[in-house]
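Below: one structure, written as structure tokens.
Where a number appears in this text, it was derived from the coordinates with a stated rule and is not lab data. All figures in this text were calculated on a predicted structure; none of them were measured in a lab. Here Cβ is always computed from backbone atoms with ideal geometry, including for glycine, and neighbour counts include all displayed protein chains.
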Amino acid sequence: MNWFGKSKRSDQAADEELLQRYREGGDLEVLGELFRRHSSMVYYVCFRYLQDSEQSKDASMQVFEELVKKVNKQEIRQFATWLYVLTKNYCLMQLRSAKKMQHVSFDEVVEFPMTLHPSDHESKEKDLSTLEKCIDKLPEKQKQSIDLFFLNEKCYKEIVELTGFSLNEVKSYIQNGKRNLKICMEKNREA
């Protein structure tokens, strides 16, 4: 029993029902209700990492936006656990990016635009656009593993926990995904 006198099982069943309703109908009100059920937990996880009340409130709203993007892309066995990991990872990414920003010198910021030749910038933009298209073409499990490993900077263990894939599957999906991305990128450069 939890503090509200309900069992964890009934809470989990209610979460599953709301999640299913959202996935079937796409109604953000339903997803909002599901999020509100766990918003205190989200705030306290944010506060534990960010150590600031206002930043934690802002981060909680950003986690909801992340939720909207990711809830249909991942298999979720226990929503509360999945949301906890999503929140923790969001906060860690914020701390990492804040740390990176502190180490950028003024000279780097000022000089950076001068060092890029316009065609280099256009070439990078084109490559990034091609990469996004190639990632979208990957089989779903490879795409999910590549996204978590490279774009979200998760380790193998975290990917196993988030997806439910075995460690060997994660390694295989990443290796095969990298190979498929390389092939796709090369085809697009030749075209």
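Rounded to the nearest 0.05, what FRET efficiency do Tyr156 and Glu75 give with R0 = 22 Å and r taken as the Cβ-Cβ distance? Could you check? It would help to have the intermediate numbers written out before the result.
Numbers: r = 17 Å, r/R0 = 0.79.
Plugging the Cβ-Cβ distance into 1/(1 + (r/R0)^6) gives 0.80.
Charge tally around Glu161: other residues with Cβ under 14 Å, Lys/Arg +1 each, Asp/Glu -1 each, net +1. Summarising the label geometry, the points placed 7 Å from Cα in the beta-carbon direction at Ser97 and Met41 lie 2.5 nm from one another.
Ordered by the count of other Cβ atoms within 10 Å of each Cβ, fewest first, Val160, Val85, Val170 give Val85, Val160, Val170.
With 10 angstrom as the radius, rank Ile183, Ile159, Ile174 by how many other C-beta atoms surround their C-beta, starting from the fewest. Kindly include the intermediate steps, with their values, before the conclusion.
Details: Ile183 11, Ile159 24, Ile174 18.
Least to most surrounded, the residues fall as Ile183, Ile174, Ile159.
Among the lysines of the stretch 8-102, pairs at least eight places apart or on separate chains and with Cα atoms under 23 Å apart come to 11.
Give me Glu24, Glu66, Glu161 ranked fewest to most by other Cβ atoms within 10 Å of their Cβ, as a rough exposure proxy.
On the way: Glu24 9, Glu66 17, Glu161 14.
Listed from fewest to most nearby Cβ atoms, that is Glu24, Glu161, Glu66.
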